[in-house]
Amino acid sequence: MALAILMLTAQLSASADVTPPADGKSQTDSGAVINPKQQAAPPAGEGVDDMITNNNLRALSGSTSKWSIASQFNYNGGTIASPLSQDRPDISGASGTTTKADLDGAISVKYNLDTKDSILGGIGIRWIAPFSTGNLANYNGSAFDVMNPYVTYQYVYKWANVQSVLQVQFMQWTQDDQTALGYAQQINVDQENMYEIGNTHLSIGASVAVQYQFFNKSGAFGDPSSPDYIPDLAAVQSQYLFTVAPELEYQLSDKINLRTLVNLWTFEHYASFAHPMFFVHDTVYQSIGVGISITRDIFLYPNVQFLPSQIQASLTNVGLSATVNLF
């Protein structure tokens with residue numbers, strides 16, 4: 001109460017003459033002594049929600065509580081003609097892709113060091129073909145995995161009115177079908193960016209990522225008589241890659257927007273390549289869907305993914321992404 005009265009007195013006497021005494025504090029003509037550190041208003045724009053207004057990036061940045069649970073889930077379904085099928089076409093041809101529908105995600109404990117910096121530690125989970133009642137065909141891994149523990153550093157900021165979330169992650173591979181191919185550890189740097197175009201309800205941005213993999217196996221893999229036989233694992237070991245995926249959003253309301261993302265440039269260097277600057281360009285694919293902000297900390301993105309160069313039902317996958325933060 002005393003502090004509130006003191007602050008009110010300072011506001012009423014703002015136009016009065018102020019004489020700085022020897023102790024460095026300000027004294028008004030009413031005799032009240034005010035510490036300048038208490039009198040000064042906190043700098044504007046320091047909160048996460050002042051920097052980040054995009055619904056997707058707000059949820060991605062996580063809860064503003066000191067401690068919280070941060071999670072992201074993805075249902076990677078079958079084709080648009082058979083969304084609950086256990087099979088899912090690999091339309092991009094990217095490394096580390098499982099050609100089975102799955103429900104995967106990551107659950108982290110998040111600690112906010114300050115407004116912008118945080119540390120996350122967690123594990124991944126995956127359930128292969130969760131809506132299929134038949135036996136898994138042509139799949140050598142476990143149907144359910146708790147896998148790939150990781151530690152992530154996150155930095156939230158804004159530059160030139162571009163809203164940004166930076167994540168640097170170290171991950172240990174434990175996923176059955178990838179450790180079988182020698183995948184050991186991964187370092188991933190992901191930069192998410194969005195820019196709101198005035199009062200047009202439009203936002204443009206890009207997802208940019210760089211990734212490096214470590215391996216602990218080499219040579220041949222499997223039975224030479226099997227169709228899954230790999231003469232040289234280096235041919236399927238993606239050592240490093242970088243990707244740029246432009247994004248466009250149109251805000252229909254405070255809670256709902258239309259979203260599209262084009263995985264335009266993903267270049268991978270495989271361990272078998274003779275020159276360190278040799279890359280393969282993954283197939284360009286696009287997703288279109290609806291972004292739904294349930295709350296500030298929960299964001300859903302039901303979508304379809306397809307090849308712009310070859311639009312057909314058999315090569316159009318369905319998906320759902322969910323970002324969920326608790327506490």
- Near pairs, Cβ below 6 angstrom, 6+ apart or cross-chain, from segment 247-265 (within 16 Å of residue 57 (Cβ to Cβ)) to any residue that is assigned to a strand (DSSP E or B) and among the small types (Gly, Ala, Ser): 247/205; 249/203; 255/293; 257/291; 259/289; 259/291; 261/245; 261/287
- Task: Sort out for me the strands (runs of 3 or more DSSP E) sitting completely within segment 200-291 that have 1 or more residues that are in the same structural domain as residue 95 (by TED's automatic domain parsing) and touching a Gly at 6+ places or on another chain (Cβ under 9 Å).
- Result: 202-215, 238-251, 256-263
- Answer from 294, 311 - the residue that is more than 25 Å from residue 188 (Cβ to Cβ) and over 24 Å from the mean Cα position of the chain (by Cα): 311
- Message: Can you find, within segment 309-327, the residue that is nearest to residue 106 (Cα to Cα) among those that are in a loop (DSSP other than H, G, I, E, B) and in contact with a Ser or Thr (Cβ under 7 Å, 6 or more places away or on another chain)?
- Response: 327
- Candidates 225, 218, filtered to the one that is loosely packed, with under 14 Cβ neighbours inside 10 Å, over 16 Å from residue 207 (Cβ atoms) and either at pLDDT below 95 or within 19 Å of the chain's Cα centre (by Cα) (or both): 225
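The values are calculated or read from the model by the stated rules, or taken from the named source; none is laboratory data. Keep in mind that what you see is a predicted model, and the values were worked out from it rather than measured. Glycine also receives a Cβ, built like all others from the backbone with ideal geometry; neighbour counts cover every protein chain displayed.
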